[in-house]
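Asker: Before I ask anything, let me first share the structure, which is written out below as structure tokens.
The values are calculated or read from the model by the stated rules, or taken from the named source; none is laboratory data. What you see is a predicted model; the values in this text were computed from it and never measured. Heads up, the Cβs are rebuilt from the backbone with ideal geometry, glycines too, and the neighbour counts pull from every protein chain shown.
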Amino acid sequence: MRSNVLVTGGAGFIGANFVRHMMESTEEVKIIVLDSLTYAGNLDNLSGLNAARLKFVKGDITDASLVESLFEKEKIDAVVNFAAESHVDRSILGPAAFVETNIMGTFVLLEAARKAWNSPEALESARFVHVSTDEVYGSLGETGYFTEETPYSPNSPYSASKASSDHLVRAYFHTYGLPVLTTNCSNNYGPYQFPEKLIPLMVLNALEGKPLPVYGDGKNVRDWLYVTDHCKAIEAVLDRGRLGETYNIGGRCEMQNIEIVNLVCSEVDFLVELDEGLALRYPYEEPRKALIKYVTDRPGHDRRYAIDCQKIETELGWKPEVTFEEGMKQTIEWYVTNRSWWEAILSGEYLKYYDEQYGNRG
């Protein structure tokens, strides 16, 4: 068990859920969150946690002096690197930020760890978990699964930047003996996910009677993983993973995008019909499936992702626990209940930052 864990990107969606999980599942570990609080980072995601065991530092992982000082001052003995620019659409609009954060930021973290863990004792006990994506593998046909041996074939600036960072992590293990592990996960969903992503975007638009844009024919397939299951997998890798190894983390749940959107419509219709207060707040009266609007497919849109997670199941004893039906119900109810969380985002500085960086979306 590590005692001082640096969680980069810990105010974002998966990072914040991981911090919450670690605070609940362990009693001794101290978490140091490093997050630059760009548009998708939100301190509200960490509200209510034990301040005695949680320290927040606002800063960028590309700031070498800051990162090195944290390793020294906080006696960091584990890193879980979530910090990344992560949306494919934005990587198409502005790839430079993805190269800077995802590649250079990972390099800075690796260098800081290499300098700090400079004794056999430190290398024996320390861990560096790099959290990546299944998008590095490219696109699958109608059959087959991504395994840890699948060749990399990224098709977007986002996935290319993550693939590069994965290769850097691997190189630091083989060259310097740094105690690294890499995880490649499928699509996450759950509480605190930024509203630009498919599921929260569709939930919020469906609630408010706004169009539900679906790329292409809507039949692109993704493997869906509930975020708390992902957090438990990362904890297992941190505690028991074999050094230098890669672990694929998937939900064994393939769904077409249009199936997701239809499910969201049905569930939102059901919730609004049950609750008079919701019906008054969201007065759209037609079945929400009527809001679906097919739009031009995005460039380089991979057709299908599917993860083979047998390795982590066999070696570390992890399996996804939350069914897709349960996870979607919990997720949609969370967004319906936590209106103040997403209203602050949709009317605040987050979208101002987004528009300044990537242009007003009209």
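Asker: Would the range 55-64 turn up any residue that is touching a strand residue (DSSP E or B) at 6+ places or on another chain (Cβ under 6 Å), in a loop (DSSP other than H, G, I, E, B) and closer than 23 Å to Asn184 by Cα? Show your work before the answer.
Answerer: Of the range 55-64, the ones touching a strand residue (DSSP E or B) at 6+ places or on another chain (Cβ under 6 Å) are 55-57, 59, 61.
Add one more test, that the residue is in a loop (DSSP other than H, G, I, E, B), and what stays is 59, 61.
So of that shortlist, the ones also closer than 23 Å to Asn184 by Cα come out as 61.
Yes - at least one qualifying residue is present in the range 55-64.
Asker: Okay, next question. Can you pull out the residues in the range 173-209 that are more than 13 Å from the chain's Cα centre (by Cα), among the hydroxyl-bearing types (Ser, Thr, Tyr) and assigned to a loop (DSSP other than H, G, I, E, B)?
Answerer: Answer for the range 173-209, where residues must be more than 13 Å from the chain's Cα centre (by Cα), among the hydroxyl-bearing types (Ser, Thr, Tyr) and assigned to a loop (DSSP other than H, G, I, E, B): there is none.
Asker: Give Ala163, Ala126, Ala116 a once-over and let me know the one that is more than 27 Å from Lys73 (Cβ to Cβ) and among the aliphatic types (A, V, I, L, M). I'd like the intermediate steps shown before the answer.
Answerer: Details: Ala126 fails: more than 27 Å from Lys73 (Cβ to Cβ); Ala116 fails: more than 27 Å from Lys73 (Cβ to Cβ).
Of Ala163, Ala126, Ala116, the one residue that is more than 27 Å from Lys73 (Cβ to Cβ) and among the aliphatic types (A, V, I, L, M) is Ala163.
Asker: Among the residues of the range 225-241, is there at least one that is over 20 Å from Val19 (Cα atoms) and not in a loop (DSSP other than H, G, I, E, B)?
Answerer: Checking the range 225-241: not a single residue is over 20 Å from Val19 (Cα atoms) and not in a loop (DSSP other than H, G, I, E, B).
Asker: Would you tally the residues in the range 125-164 being among the β-branched types (Val, Ile, Thr) and closer than 23 Å to Leu93 by Cβ?
Answerer: Initial filter on the range 125-164 (among the β-branched types (Val, Ile, Thr)): 129, 131, 133, 136, 143, 147, 150.
Next, only the ones that are closer than 23 Å to Leu93 by Cβ stay: 133, 136.
Total meeting the criteria: 2.
Asker: Quick one: Ser91 ticks every box in (1) outside any helix (DSSP H, G or I); (2) of a type outside the set (Phe, Trp, Tyr); (3) at pLDDT below 95 except a single one, so which number is it?
Answerer: (1)
Asker: Restricting the search to the range 242-283, which residues are among the aliphatic types (A, V, I, L, M) and assigned to a loop (DSSP other than H, G, I, E, B)?
Answerer: Selection gives Leu243 alone.
Asker: Taking the residues in the range 318-362 that are farther than 17 Å from Ser266 by Cα and of a type in the set (Lys, Arg) as candidates, determine which candidate is modelled with the highest pLDDT.
Answerer: Lys319
Asker: Tally the residues that are free of Cβ contacts under 8 Å to residues at least 60 places away in the same chain and either surrounded by 14 or more Cβ atoms within 10 Å (Cβ to Cβ) or not in a helix (DSSP H, G or I) (or both), restricting the search to the range 106-121. Before you say what the answer is, go through the steps one by one.
Answerer: If we filter the range 106-121 for residues that are free of Cβ contacts under 8 Å to residues at least 60 places away in the same chain, which is where we start, we get 108, 111-112, 115-116, 118-121.
Still in the list and also either surrounded by 14 or more Cβ atoms within 10 Å (Cβ to Cβ) or not in a helix (DSSP H, G or I) (or both): 108, 111-112, 116, 118-119.
Summing the residues that are free of Cβ contacts under 8 Å to residues at least 60 places away in the same chain and either surrounded by 14 or more Cβ atoms within 10 Å (Cβ to Cβ) or not in a helix (DSSP H, G or I) (or both) in the range 106-121 gives 6.
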